[in-house]
Amino acid sequence: MVPVPAEAEPGWNEDLAAFRINCPLPREKGQILGLYMDLEPGWGAQAHSRCGAFSYSGSSADHLSGATTIHEIWHLLGFEHYFETNRLESGVGVAMSKRLTSGGMTALQALTYPDIDALRCIFPE
């Protein structure tokens with residue numbers, strides 16, 4: 001667990017756009033942070049690749065599953081939803097499977113062999 005810095009201003013975790021720009025929590029190199037954002041219900045879980053973090057908020061805190069966590073971590077590894085064709089065609093990211101995109105199952109069920117195989121696009125060795 002990474003503690004919130006003492007100098008963090010009140011509301012540091014209420015503005016998702018500001019969080020993505022400022023990345024207010026320090027982390028060790030290679031560390032991924034998972035954190036709760038004090039946002040309105042309905043935002044769900046989101047990856048913040050620039051910050052090496054994913055966040056969840058609102059009602060998603062009650063539904064956060066292993067599959068959701070894996071889904072967000074795969075975003076941090078450079079995977080995009082299979083239907084985000086504009087981003088994928090422009091060379092941003094690698095497509096994740098429909099199953100990993102949709103979630104709603106246990107963590108082990110969410111991953112497919114093609115998802116794991118596609119890691120070679122990101123980590124070729």
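FYI, it's all coordinate maths here, none of it is from the lab. Since the model is a prediction, treat every value here as computed from it, not as a measurement. No Cβ is skipped: glycine too gets one built from the backbone with ideal geometry, and neighbour counts run over all protein chains shown.
A Förster radius of 30 Å combined with the Cβ-Cβ distance from residue 87 to residue 6 puts the calculated FRET efficiency at roughly 0.20.
When peptides 88-94, 26-32 are ranked by their average number of other Cβ atoms within 10 Å per residue, the highest-first order is 88-94, 26-32.
Site pair residue 15 and residue 31 shows an inter-label distance of 2.5 nm when each label is modelled 7 Å from Cα along Cα→Cβ.
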